[in-house]
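Trainee: This structure is in structure tokens; I'll ask about it shortly.
Bear in mind that the values in this text are calculations on the coordinates, not laboratory data. Please read all numbers here as calculations on a predicted model, not as lab measurements. Cβ coordinates were reconstructed from backbone atoms using ideal geometry, including for glycine residues, and neighbour counts include every protein chain displayed.
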Amino acid sequence: MKNLAVPYMGHPARKAYANINYLHQEQMRTQIQQQLTRMVGAQALFVLFGMIAYTTQTIYTLLTMYTPKSTLRQAQESVGLTITGVLSYIGYAFNFYIYMTVSPSLRKQFKQLIKKYLRYLICHNHCTIDTNRTAPCRSTRNTFQPHLIQTKRPQQLVPVKQ
């Protein structure tokens, strides 16, 4: 009887673990779907706003094409046309900023990418500026060897006592 108790106790534990894992995956999937919905919704609003402005400006221009206008009114319409032209491109041009604003996971990945790039730049600049460096910098880790310095003769390396 005692030997059968362990498998019976282990089976519900495995099922509970699998259920928790499934719930976690389901929660992550739901979270990602919500972020995607917000991103696409924000993008659609920006595009719709730009299209409405441009369409309104185009209809106005077509309706008043043969109306005599003063130079001030022509200048105002020109400014309005320029503004609506810019607004019509905002939805397409600002996708990156829309996604960064709406999605926390995308912001986190972008920050990690920037940090990685900055580490690369710092290492690269350190290797090219520092003339006492003896080894080329190929990565940000395990290449800097502070215990080796160059002496007056470039071929000879002297270990520094620590």
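Trainee: So for each of 105-112, 66-73, 50-57 I average, over its residues, the number of other beta carbons within 10 Å; can you give me the resulting order with the highest mean first? The partial results should precede the final answer.
Mentor: Values: 105-112: 11.9, 66-73: 8.2, 50-57: 15.6.
Highest to lowest by the protection proxy: 50-57, 105-112, 66-73.
Trainee: Would you mind computing, in nm to one decimal, how far apart the modelled labels at TYR120 and TYR22 are, each placed 7 Å from Cα along Cα→Cβ?
Mentor: 4.2 nm
Trainee: Right, here's the next one. At 0.36 nm per residue, and after removing the present C-alpha to C-alpha distance, how many nm does the segment from LEU36 to THR101 gain when stretched out fully?
Mentor: Values: separation 65, 0.36 × 65 = 23.40 nm, distance 1.21 nm.
Separation in residues times 0.36 nm, less the Cα-Cα distance, equals 22.2 nm.
Trainee: Read phi for every residue in the range 108-120 and hand back ³J(HN,Hα) as whole Hz from Karplus 6.51 cos²θ - 1.76 cosθ + 1.60, θ = phi - 60°, with x for Gly and Pro.
Mentor: In residue order, the calculated couplings are 4, 5, 5, 4, 5, 5, 5, 4, 4, 5, 5, 4, 4 Hz.
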